[in-house]
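Just so it is clear, none of the values below were taken in a lab; they were calculated from the coordinates. Computed from a predicted structure; not experimentally measured. In this analysis, Cβ positions are derived from the backbone assuming ideal geometry, glycine residues included, and neighbour counts consider all displayed protein chains.
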Amino acid sequence: MTLSLRHVEVFHAVMSAGGATQAANLLRTSQPTVSRELKELERLVGFPLFTRKGRRLLPTEAALSLHAEVRRSFVGLEEITRTADAIRANASAHIKIACLPAYGSTLLPPVCRSFLGSHDALRLSIHSVEQGAIATGLSTGHYDIGILEAAPALEGIESTIIDVGEELCILPKGHPLTRKAVLEPCDFEGEDFIYFSADDAYRRTVDDIFQQHAVTRRLRVEATTATSICSLVSQGLGVSIINPISALYSLDKDIELRRLSVSIPYVIGIYRPANRQYPDLARRFGEYCMASLNDIRRRIEEVL
């Protein structure tokens, strides 16, 4: 069996467009040509890809499975096309950054603005994914730089560890607890609390502190991101304890910040795999991140 790129292109067009006529329009060819190519493809693979109902083509389960792989291949081709376009536009350098979702909407936008302002021939890709996916992507070389919390050790990858400060209490504006400058664990007794999901490392740390002080909070909502928790707190649904970066960026959302008497250090690791294509650019981007994190720590000190 020998498939041509044309067979795959026609199959992908039919699956994406929903029919032979629409695919023909996409490919700038005729509907009979598309139908002929599909029949040849079915002959080559040895199983039916579509059932025909009137003029409609309905994909079989086999077609859906095959298209999942074809779609991944086309994503790769699209990336090649984007790279070629960037080279043509004198923007050949491409830095792939992976970060936690919270950083994608807080830390990175101003960093990217500053960095791109000094690097015209450059493009950035930001991938907001979970901690484990970042570590895996760094280890396999899929990302040029990774920004993680809790600073895990990653073998064979350079890292810079930044102490951003401590986890902070966030409260709805005007909440009774805002009368205190520093909150004790006992202050949270019976309070409506917005929790991170159970698998979050800082959630477990916070839970341990309240258990040690025999404090019972009232679970109202669980959320997976600091951004969601800030929004929930701003709606008056409860209080919470989150990272200082998200806490600072939530100040314009009807939220007030307070220190917790028990220290929960918040540490970030900036990681760079060795032997990447643009090591100097990745290192410089990391330096911009470090400068921004140091500025965030200074601003928090001023606010509190």
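Of the residues making up the stretch 12-31, those that are under 40 Å from the mean Cα position of the chain (by Cα) and outside any helix (DSSP H, G or I) number 4.
Give me the pairs: first residue in the stretch 1-25 and over 12 Å from Leu57 (Cα atoms), second residue small (Gly, Ala, Ser), beta-carbon distance under 7 Å, and six or more apart or on different chains, which are they? Filtered contacts from the stretch 1-25: Val10/Ala23; Ala13/Ala23; Ala24/Ser30.
Looking at (1) of a type outside the set (Phe, Trp, Tyr); (2) closer than 22 Å to Ser231 by Cα; (3) out of contact with any strand residue (DSSP E or B) (no Cβ under 9 Å at 6 or more places or on another chain), find the lone condition where Val129 falls short. Condition not satisfied by Val129: (3).
Among the residues examined, Asp252 does not qualify as out of contact with any helix residue (DSSP H, G or I) (no Cβ under 8 Å at 6 or more places or on another chain) and more than 26 Å from Glu302 (Cα to Cα).
Could you check the stretch 204-269 for strands (runs of 3 or more DSSP E) lying wholly inside it with 3 or more residues that are over 25 Å from Gly104 (Cα atoms)? Even if it seems obvious, please write down each step before you answer.
Working: elements: 218-223, 240-242, 255-260.
Strands (runs of 3 or more DSSP E) meeting the threshold: 218-223.
Given the residues Tyr195, Tyr271, which is the only one that is touching a Gly at 6+ places or on another chain (Cβ under 8 Å) and under 26 Å from Ala98 (Cα atoms)?
Numbers: Tyr195 fails: touching a Gly at 6+ places or on another chain (Cβ under 8 Å).
None of the other options fit; the residue is Tyr271.
Just one of the listed residues (Ala247, Ala274, Ala291, Ala226) is under 18 Å from the mean Cα position of the chain (by Cα) and either in contact (Cβ under 8 Å) with a residue 40 or more places away in the chain or loosely packed, with under 15 Cβ neighbours inside 10 Å (or both), namely Ala226.
Of Val8, Val34, Val45, all but one fail to be on the phi < 0 side of the Ramachandran plot and under 33 Å from the mean Cα position of the chain (by Cα); the exception is Val8.
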